[in-house]
1. Looking at the structure I just gave you, is Arg70 closer than 22 Å to Leu247 by Cβ, open to solvent by 50 Å² or more (accessible area, probe 1.4 Å), over 14 Å from the mean Cα position of the chain (by Cα) and charged (D, E, K, R)?
2. Given the conditions (1) crowded, with 17+ Cβ neighbours inside 10 Å; (2) within 16 Å of the ligand (Cβ to nearest atom); (3) part of a helix (DSSP H, G or I), and given that Glu199 satisfies all but one, which numbered condition is not satisfied?
3. Is it true that Leu104 is closer than 22 Å to Met1 by Cβ, open to solvent by less than 50 Å² (accessible area, probe 1.4 Å) and either within 12 Å of the ligand (Cβ to nearest atom) or in contact (Cβ under 8 Å) with a residue 60 or more places away in the chain (or both)?
4. Residues that are closer than 23 Å to His129 by Cα, open to solvent by 40 Å² or more (accessible area, probe 1.4 Å), touching a residue at least 40 places away in the same chain (Cβ under 8 Å) and not in a strand (DSSP E or B): does the stretch 173-193 have at least one?
5. So in the stretch 241-265, with the set limited to residues that are more than 20 Å from Ala205 (Cα to Cα) and touching a residue at least 40 places away in the same chain (Cβ under 8 Å), which one is surrounded by the most Cβ atoms within 10 Å (Cβ to Cβ)?
6. Tally time: how many residues in the stretch 260-283 are among the polar types (S, T, N, Q) and either modelled with pLDDT under 95 or part of a helix (DSSP H, G or I) (or both)?
7. Looking only at the stretch 15-59, count how many residues are of a type in the set (A, V, I, L, M, F, W, C), touching a residue at least 60 places away in the same chain (Cβ under 8 Å) and open to solvent by less than 40 Å² (accessible area, probe 1.4 Å).
8. Provide a single number: the residues in the stretch 73-101 that are within 16 Å of the ligand (Cβ to nearest atom), open to solvent by 30 Å² or more (accessible area, probe 1.4 Å) and within 10 Å of Arg32 (Cβ to Cβ).
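The values are calculated or read from the model by the stated rules, or taken from the named source; none is laboratory data. Being a predicted model, the structure only gives us computed values, none of them experimental. Using ideal geometry, Cβ is built from the backbone for each residue, glycine included, and neighbour counts are taken over all protein chains shown. Side chains included, ligands, DNA and RNA excluded: accessible areas come from the protein's heavy atoms. Shrake-Rupley method; radii C 1.70, N 1.55, O 1.52, S 1.80 Å.
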Amino acid sequence: MTIETIGVIGAGTMGNGIAQAFAAAGYSVVLRDLSTEALDKAMGTVRGSLDRLVKKGTVAAGDAEATLARISPTTDISALADRDLIVEAIVERLDVKAAVIKELDAICGERTIFASNTSSISLTSLAAHSAHPGRVIGMHFFNPVPVMALVEIIRALQTEDWVAEAVLEAAAKIGKQPKAAKDSAGFVVNRLLVPYINEAVYVLAEGLATAEDIDAMMKLGANHPIGPLALADLIGLDVVLNVMDTLVDGFGDPKYRPSPLLRQMVAAGWLGRKSGRGFFTYG
Ligand code: 3HC
């Protein structure tokens, strides 16, 4: 099967980036969220991202307008009924995702594939909540989605071959490089990347260096494009903490213990860029 139409559920940081990536490649995208405010904000973010590309000369102004026009924001879940592929990027809670799967089961047809952008929930557990577990799969995108080339493709135990093939083809068509990862806590990238970020928070809490210097050292000494604390702010501290908790739960190994400072900052609502304050402050 070839995927022709897209639905995205959840218009937050990842959802609006995923919608933009598909729309830029010519797909019609229905973007669904619960509130019109969230949708307005998301469309503003997509416009900002496209404006940036137009200013740089990598995208023509007309193409940017056409990309925006291919995204239809809605609060109505029934607008997703005819979609071939629906990617969800909502809150990282199994019960909430399972409820959405059930809603979609009731309205979607036999062709619809349900992909989750989860960074921490087992796809096999999620698929078990669907009436069509063979059509559930993980498509894990990276932030900022319009820029990052990788999509991890995670098959649930139940995922059927045609579903994996169709999703791999669609990811390649939007210019991403899909790579398969097994359904294991953190998959591949977060298993490696997020403990590194967590360790940087320990280094900060132990007073080894300032936040600015920790980041500068990793940029200058390891050639990273961005330091670990600025990266935590970009990803969201709540997401970082959630991934660490998932690694502890998944492997039962204390080496994944989240930094107490990270937990405190999340409790304070200092979540990084999205809240205006994390390890650094944002205007
Ligand atoms: N939309 C469009 N273009 C964007 C963009 C956006 N939202 N954000 C950045 N860009 C483009 C810029 O236009 C620029 O393009 P150019 O190189 O062609 O001129 C390029 O990206 C670099 O941007 P900047 O010059 O503004 O800033 P940086 O050089 O610092 O790059 C970055 C920004 C691409 C975010 C870079 O810092 C980076 O690669 N950081 C690492 C990101 C990363 O590791 N992401 C993975 C996080 S893990 C994750 O998401 C998984 C989850 O489950 C936790």
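1. Against the criterion (closer than 22 Å to Leu247 by Cβ, open to solvent by 50 Å² or more (accessible area, probe 1.4 Å), over 14 Å from the mean Cα position of the chain (by Cα) and charged (D, E, K, R)), Arg70 does not qualify.
2. (1)
3. In short, no.
4. yes
5. Residue satisfying both the conditions and the ranking: Leu247.
6. The number of residues fulfilling the criteria is 2.
7. Count: 3.
8. 1
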